[in-house]
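Just so it is clear, none of the values below were taken in a lab; they were calculated from the coordinates. Remember, predicted model here, so these are calculated numbers, not experimental data. Here the Cβ is made from the backbone with ideal geometry for all residues, glycine too, and neighbour counts use every protein chain on show.
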Amino acid sequence: MPDFRVFCTPTDRQPAELRLSAEESHHLVVVNRARQGDAVVAFDGRGTEWDCELRTDSKREAVLAVRSTRQAPPLPFDITLAQALPKGPAMDAIVRKATEIGARRIVPLETERTQVHLDGDRSDKKIEKWQIAALEAAKQCGNPWLPEITALQKLDSFLAAVEPEYDLKLIASLHPGARPLKDVLAHFKTAQGRAPKKATWLIGPEGDFSPAEMSAALTAGFTPVTLGPLVLRCETAAVYALSVLSYELQNG
């Protein structure tokens, strides 16, 4: 894979050349020091990739000559991360790791114990920042698919509207009775005769979900799943949960 990857959304699906935005041009030419003649892969975040040659190494509007086009197949499963907002910069790290692992969408949640509250412009700016974090992660890991990052939601709104077509609805839990993920997947395969294709993970904030929220999640059809006996930080829990489920679904 070439060292240089850029994001671009041309209107033409079979372009002969690509003109990059000022931000992408600056990152390619100034930050990464690409020069005329270098190989560059451009992607649109929806699976389309273009193998290109850098024709004009302008830091304001770099131009790429397209050599070939390909459409990357999506992952054979669809995972949503519904994440209660953590404190500090942890959500940025969660978004990056979720993108690297291949999450299809990320739903930031406000819960009873959420210590970060975003309103109006602050929420919009945070979502924009997370989208940038996802784009940077996609460039680094070669993922041609950018996750959808939804607007901030309250947990009760998310539970009321959670899509019925999810095969699996999982909630990380330290409570007695939480089941190992392998057991949940084995039960699903026995009952359905196939591996799940669409799943959602619900990960709590610092201090976990309140008893009322846990009860509401169970009523909404979420299965409590243990991530082991240790109390994990929420960002560790998110990466752990996504990694294990992704591995099992890829190798199931």
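Separation of the alpha carbons by more than 31 angstrom is noted, of Lys97/Lys169; Lys129/Lys189; Lys59/Lys197, for Lys129/Lys189; Lys59/Lys197. Here region 173-194 is scanned for amide nitrogen atoms under 13 Å from the site 7 Å beyond the Cα of Ala212 along Cα-to-Cβ, giving none. Based on DSSP H segments of at least four residues, each scored -39500 (n - 2.57), the chain has a per-residue ellipticity at 222 nm of -10000 deg cm²/dmol. Centroid-to-centroid, using Cα positions, region 138-202 and region 12-64 are 35 Å apart. Evaluated over the Cα positions of the chain, the convex hull gives a direction-averaged projected area, one quarter of its surface, of 14.8 nm². Return, ordered by residue number, the residues of region 1-40 whose backbone nitrogen is under 15 Å from a label point located 7 Å along Cα→Cβ of Gln71. Of the residues in region 1-40, 12-15 have backbone N under 15 Å from the label point off Gln71. Placing unit charges on the Cβ atoms only, positive for Lys and Arg and negative for Asp and Glu, gives the chain a dipole magnitude near 400 debye about its Cα centre.
Return one number: the angle in degrees, 0 to 90 and rounded to the nearest 10, between the long axis of the Cα atoms of helix 181-192 and the longest principal axis of the Cα atoms of the chain. Roughly 90 degrees, rounded to the nearest 10.
Compared with the dominant principal axis of the Cα atoms in the chain, helix 121-141 is inclined by about 70°.
Positive contributions from Lys and Arg (+1) and negative ones from Asp and Glu (-1), summed over other residues with Cβ under 13 Å from the Cβ of Glu24, come out at 0.
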